[in-house]
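Okay, so here's the structure we're looking at.
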Amino acid sequence: MIASFAREAADGRGPCFGAAALAAEPGVCAPTDRGPVFPPIARAAQDKSDAYSSVSGRADCFSYQPTFPEITCTRGDLSSPVRVALVGNSHAGEWLPAVEQIADRSHWHITTYLASDCALSEVPQHFTPSAVSVACTAWVRRTTARIVAGRYRLVVMSNKVSRSAVGHDLAGSWAPYERGYLTVLRALQRAHVRVVGIRDTPSPARQSIPTCLAQHPSDYARCDGSRRAWLPPEPLVPAVAALRDRQITVVDLTDHLCRPQVCPAIVGRVVVYFDASHLTATYARTLAPYLAVPLRAALAG
């Protein structure tokens, strides 16, 4: 059974595998409340994108504190004239498996600009010591400038707001982050860069999903959460709306992660999260067909 899931994960087949289960007609795909899943629960915590050196065996693609140096990685068809940038913090990195799958089929050249914990919003983000906050802001500005200079055909952007804005608690940080996104997006707009922002994904936050599943092997649903509790606010959405620019859009794939009221820990026999926040690489790949539509539309527009 697990070998079958592995083949489906590799080639994208299976009408009830992963995100496809949420897109199917009601009653077609049985819910997963117990039994074998992919990746096996004992290995789910290692099912990450190859932006991580532990997966790729190459240099890590993330820039880390305290200095947030400029680090990029390339994927896809490196000879292609269609150059796409994937930009943001680790919640951009979680989309790399889906973007790579699209790039392989569409012959795109992918460059990543990823910083752990530091969102691509020009707002002072709270780190200790304060020098790390300064370094994060510098990374945002340098990265924005490099993307403008890079003449990319498309920028794909996503972030998790995990740090409060300096001088605010997290609940009061959404407006400062929105203004910070506007600053970045206006710079890209002036350079006529096409942007697709991806609304942030649900975040279980208080529990590691693989750990929870291991604790409840006969009732995986005990690891599910409510859509209201898990889905964070997204200041990128009003920032994009304020620009009123058809070349800068946001895609929301929440319906391919959650049912109307519940965000499951397992969808279509695929573990959705490798920790308390990030998508497994396997589940991200099952989202590729749904992400491909807006990305290709943006390139064609």
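Worth pointing out:
- With 0.36 nm allotted per residue and the present C-alpha distance subtracted, the Arg142-Asp60 stretch has 27.6 nm of extension available.
- Taking the DSSP beta bridges with both ends in the chain, the antiparallel portion is around 35 percent.
- When the Cα convex hull of region 68-142 is projected onto planes of every orientation, the mean area is 5.0 nm².
- Nonpolar atom fraction for the chain, defined as the carbon and sulfur part of the 1.4 Å probe accessible area, stands at 54 percent.
- Isolated cysteines of the chain, defined as having no other cysteine beta carbon under 4.7 Å away, do not occur.
- For the chain, the Cβ-based charge dipole about the Cα centre amounts to some 640 debye (Lys, Arg positive; Asp, Glu negative; other atoms uncharged).
- Sites Ser226 and Thr128, calculated FRET efficiency, Cβ-Cβ separation with R0 35 Å, nearest 0.05: 0.65
- Share, in percent, of DSSP beta bridges within region 159-281 that are antiparallel, nearest 5: 55 percent
- The mean sequence distance of close C-alpha pairs (under 8 Å, at least 6 residues apart), as a share of the length of region 119-209, puts its relative contact order at 40 percent.
- Amide H contacts for Leu86 (H built 1.01 Å from N in the peptide plane; partners 5 or more residues away or on another chain; cut-off under 5 Å): Thr111, Thr112, Tyr113, Val156.
- In order along region 271-279, phi translates into HN-Hα couplings of 5, 7, 10, 8, 8, 9, 7, 9, 5 Hz, rounded to whole numbers, per the Karplus curve 6.51 cos²θ - 1.76 cosθ + 1.60 with θ = phi - 60° and x for Gly and Pro.
- Nearest-0.05 FRET efficiency for Ala42 and Arg206, computed from C-beta distance (R0 25 Å): 0.70
- Compared with the direct C-alpha span, the chain from Ala191 to Val166 gains 6.1 nm at full extension, assuming 0.36 nm per residue.
- Projecting the Cα atoms of Cys61, Ala205, Ala20 onto the charge dipole of the chain, computed from C-beta unit charges around the Cα centre, puts Cys61 farthest toward the positive end.
- Residue among Ala45, Tyr283, Ala30 farthest towards the positive dipole end of the chain, charges placed on Cβ: Tyr283
- Cα long-axis angle, helix 130-150 against the chain (0 to 90 degrees, to the nearest 10): 90 degrees
- If you take the Cα centroid of region 60-134 and the Cα centroid of region 196-250, the two points sit 19 Å apart.
The values are calculated or read from the model by the stated rules, or taken from the named source; none is laboratory data. Here the structure is a predicted model, which means the values were calculated and not measured. Cβ coordinates were reconstructed from backbone atoms using ideal geometry, including for glycine residues, and neighbour counts include every protein chain displayed. Areas reflect the complete protein model, heavy atoms only, side chains present, ligands, DNA and RNA absent. Shrake-Rupley method; radii C 1.70, N 1.55, O 1.52, S 1.80 Å.
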